[in-house]
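The values are calculated or read from the model by the stated rules, or taken from the named source; none is laboratory data. Since the structure is predicted, the reported quantities are computational estimates derived from the model, not experimental observations. All Cβ positions, even for glycine, are placed from backbone atoms using ideal geometry, and neighbour counts span all protein chains on display.
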Amino acid sequence: MEPAPTPRPVPLVHDIPFWESVEQRDLKLQCCAECGLWRYPAGPICAECNSEESTWERVSGRGTILSWVVFHKTYLPAYPAPHSVIAVRLEEGPLLISNLEGPEPEGSWIGERVVLRYSTMPDGFVLPRFALDRSASPAPA
Amino acid sequence: MTRTRRATAIIGIGQTDWSGDWRRVRAGEKPADSVGYAARAFQDALRDSGIPKEDIDGLIVGPTTAYERMGEVLGLNVRWGGQADAVQSILQAQMAIEAGYAKVIALVYGNDQRSAGTQYGGPSAMGGQSFLSYVYHSPWGMTSQGALYALTLRRYQHERGLSEADMGQVAVAQRAWASMNEAAIQRKQITIDDYLQSRYVCEPLHVFDYCLVNDGGVALIIADADYAQRMRPDPVYILGTGRSDLNTGATSLEPRLTDYYLPAQQQAGASSYEMAGIGPDDMDVMLAYDSFSVHVPLALEGYGYCEVGDVAKFLTEKGIGPGGAMPVNTHGGHLSESYMQGWNHQLEAVRQLRGTAGDRQVAGAQTVHYTSDVAGKCMSVIYGR
């Protein structure tokens, strides 16, 4: 049986370099060339200084879990319940919605340090995900 | 031009038979389509207002029906029109009337979301065209508007010290109100224990934290104050309105996960309080948009009903249900009465102020506050007699 397809990203022109960087397993986010503000999702101008110039910068991949949920209902065939989703605050500032792979924390997940992983889904689609960072001590929530 | 108090008023309210249609739809029937529900509600509102249809010179339709078709069906060739959600329709009607573009505006909403099988999550989730955040994170399996609020609630509970049982107060209180409302779809009372033992949909949200999904319609007739006073003994005036939006970072959920909409609620609240000349302490009834229970604690803090951080105490000690210090969503809201996307709250405001809310009537209600904060677009409407 064919694996359930991973839901594809909303096709947005400015996001193309983001998904290319994911496929190359070298995550980059858009950054304003004038004022340095991160833009996620990517966009045509800087919301802060209005500059149209931007660069794509590698991120450390280190972050902290801001919140998490567990789906007890299956909405998407690729994600049968129970399925968890995390919100991660990257060290650099941007907020990413993703998944936690591997061991899960006991009790609250908030404040747990995580590191970036690349995950190949059953249908071959590559996703940036996270795993607990065992080398780090828990951050203040 | 300064907007003034008591310049516009609601003079007619109408609705469809939500609980009857709920049963019919569950039995496999299709009582009406969205335009049909809206038309029935319009007829009801027109009867309630007692005005001749010819006096209507403005039309605002909800997001779920096409403007032109709605006007065609209702036979309304107006001099001012628009399409908007519930709270924006109220604000638009107020602006159009105060600016002189119309005198009497019909606001109509119909939605066949249950019988049409509208999906609020999954591969064909609605709303993605308007709110990128609803669909942007689906590659990671993040879908449904409930899940966005679940993510918000988890963080909010952590920061505010709000337990699961504290959170259950919302669903329990609104169900208690709904038990006194014959029009409500879910009227069987629940306890905190029932809440805690109910299933999760997207944890930490229980099934009781989710709005119903039902068919139906709502209509309102809003007019300028002179006309309203000539036509009815009991106009319900718009005393104050305010709006403030948080758009920065909306797709990555910043306003939900770090601010809980707070700065926008505070600003929208302040604008409306200033216009009305009254504040949260003066409100007899508070009606909060509640697609999910989470909206209620956020609104209680954001619109100044309690100090930021005190909402758990407010819910458990002061109380928002029957007999509580602050009656909130006295119709049962979207959780228990009907999910008319903010529209049914306006009907309740009018009933409480007319004194026709039956068993759930808040004695002598003079002021009602409606708050809405859909996706961080925060709006506040204060109604009075």
Completion exercise
Restricting the range B:135-149 to residues that are more than 8 Å from chain A (Cβ to nearest Cβ) and either part of a loop (DSSP other than H, G, I, E, B) or not hydroxyl-bearing (Ser, Thr, Tyr) (or both), the one farthest from B:Ile10 (Cα to Cα) turns out to be B:Leu148
Fill in the blank from the handout: Exception for B:Lys188 within (1) within 14 Å of another protein chain (Cβ to nearest Cβ); (2) over 30 Å from A:Ser119 (Cα atoms); (3) without any contact (Cβ under 8 Å) to a residue 24 or more places away in the chain falls at (1)
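Residue-by-condition table, conditions (1) among the polar types (S, T, N, Q); (2) farther than 30 Å from B:Ser124 by Cβ:
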position	(1), (2)
A:Ala78	no, no
A:Pro82	no, no
A:Ile86	no, no
A:Ser108	yes, yes
A:Ser119	yes, no
Completion exercise
In the range B:210-228, anything away from every other protein chain (no Cβ under 14 Å), touching a residue at least 12 places away in the same chain (Cβ under 8 Å) and not in a strand (DSSP E or B) is listed as B:Cys211, B:Leu212, B:Asn214, B:Asp215, B:Ala225, B:Tyr227, B:Ala228
Practice task
Look through B:Tyr261, B:Tyr227 and report the one residue that is of a type in the set (Phe, Trp, Tyr), within 19 Å of the chain's Cα centre (by Cα) and either assigned by TED's automatic domain parsing to the domain that holds B:Ala165 or on the phi < 0 side of the Ramachandran plot (or both).
Solution key: B:Tyr261
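Say we look at the range B:101-140 and pick out the residues that are under 30 Å from B:Pro52 (Cα atoms) and without any contact (Cβ under 8 Å) to a residue 60 or more places away in the chain; which of these is surrounded by the most Cβ atoms within 10 Å (Cβ to Cβ)? Outline the logic, then answer.
Pass one, the range B:101-140, residues under 30 Å from B:Pro52 (Cα atoms): B:101-112.
Checking which are without any contact (Cβ under 8 Å) to a residue 60 or more places away in the chain leaves us with B:101-102.
Details: B:Tyr101: 16, B:Ala102: 22.
Only one residue fits best here, namely B:Ala102.
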Completion exercise
When (1) surrounded by 19 or more Cβ atoms within 10 Å (Cβ to Cβ); (2) assigned to a loop (DSSP other than H, G, I, E, B); (3) away from chain A (no Cβ under 14 Å) are applied to B:Asp234, the one that fails is (1)
Handout entry: Of the criteria (1) free of Cβ contacts under 8 Å to residues at least 60 places away in the same chain; (2) within 22 Å of the chain's Cα centre (by Cα); (3) surrounded by 18 or more Cβ atoms within 10 Å (Cβ to Cβ), which one B:Trp80 fails
Key = (2)
Handout entry: Selection status of B:Ala219, touching a Gly at 6+ places or on another chain (Cβ under 6 Å) and not assigned by TED's automatic domain parsing to the domain that holds B:Ser291
Key = yes
Exercise for the section: Select, from B:Glu159, B:Glu98, the only residue that is at negative phi, surrounded by fewer than 20 Cβ atoms within 10 Å (Cβ to Cβ) and touching a residue at least 40 places away in the same chain (Cβ under 8 Å). Expected result: B:Glu98
Completion exercise
Among B:Leu91, B:Leu76, the single one that is of a type in the set (A, V, I, L, M, F, W, C) and touching a Lys or Arg at 6+ places or on another chain (Cβ under 7 Å) is B:Leu91
Exercise for the section: Kindly check whether there is at least one residue in the range A:94-115 that is over 29 Å from B:Tyr120 (Cα atoms), touching a residue at least 60 places away in the same chain (Cβ under 8 Å) and more than 9 Å from chain B (Cβ to nearest Cβ). Expected result: no
Practice task
Can you give me the number of residues within the range B:246-282 that are under 30 Å from B:Gln366 (Cβ atoms) and not in a loop (DSSP other than H, G, I, E, B)?
Solution key: 18
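Across the range A:79-93, what is the number of residues that are at the interface with chain B (Cβ under 7 Å from one of its Cβ atoms), more than 13 Å from the chain's Cα centre (by Cα) and either surrounded by fewer than 20 Cβ atoms within 10 Å (Cβ to Cβ) or not in a loop (DSSP other than H, G, I, E, B) (or both)? Spell out how you get there, then give the answer.
The initial filter retains those residues of the range A:79-93 that are at the interface with chain B (Cβ under 7 Å from one of its Cβ atoms), namely A:79, A:83, A:85, A:87.
Filter again for more than 13 Å from the chain's Cα centre (by Cα), leaving A:79, A:83.
Next cut, either surrounded by fewer than 20 Cβ atoms within 10 Å (Cβ to Cβ) or not in a loop (DSSP other than H, G, I, E, B) (or both) only: A:83.
Qualifying residue count, the range A:79-93: 1.
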Problem - Members of the range B:240-251 found to be within 12 Å of chain A (Cβ to nearest Cβ) and in contact (Cβ under 8 Å) with a residue 40 or more places away in the chain, listed by number - result: B:Asn247, B:Ala250, B:Thr251
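Kindly indicate whether any position in the range B:96-114 is of a type in the set (A, V, I, L, M, F, W, C), within 30 Å of B:Gly28 (Cβ to Cβ) and part of a strand (DSSP E or B).
Step one: filter the range B:96-114 for residues of a type in the set (A, V, I, L, M, F, W, C), giving B:96-97, B:99, B:102, B:104-108.
Within this subset, residues satisfying the condition of being within 30 Å of B:Gly28 (Cβ to Cβ) are B:108.
Going one step further and asking which of them are part of a strand (DSSP E or B), we end up with B:108.
Yes, some residue in the range B:96-114 is of a type in the set (A, V, I, L, M, F, W, C), within 30 Å of B:Gly28 (Cβ to Cβ) and part of a strand (DSSP E or B).
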Fill in the blank from the handout: Considering the range B:150-184, residues that are of a type in the set (Lys, Arg) and more than 7 Å from chain A (Cβ to nearest Cβ), and then whichever is farthest from A:Ser119 (Cα to Cα), we arrive at B:Arg175
Handout entry: Among (1) within 24 Å of B:Tyr370 (Cα to Cα); (2) assigned by TED's automatic domain parsing to the domain that holds B:Ile13; (3) among the hydrophobic types (A, V, I, L, M, F, W, C) - the single one B:Phe131 does not satisfy
Key = (2)
Exercise for the section: Quick one: B:Leu132 ticks every box in (1) facing chain A (nearest Cβ under 9 Å); (2) on the phi > 0 side of the Ramachandran plot except a single one, so which number is it? Expected result: (2)
Fill in the blank from the handout: When restricted to B:Ala219, B:Ala270, the only residue under 30 Å from B:Ala45 (Cα atoms) and of a type in the set (A, V, I, L, M) is B:Ala219
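Would it be correct to say that B:Ser124 is within 14 Å of another protein chain (Cβ to nearest Cβ), under 28 Å from A:Thr120 (Cβ atoms), assigned to a helix (DSSP H, G or I) and of a type in the set (S, T, N, Q)?
no
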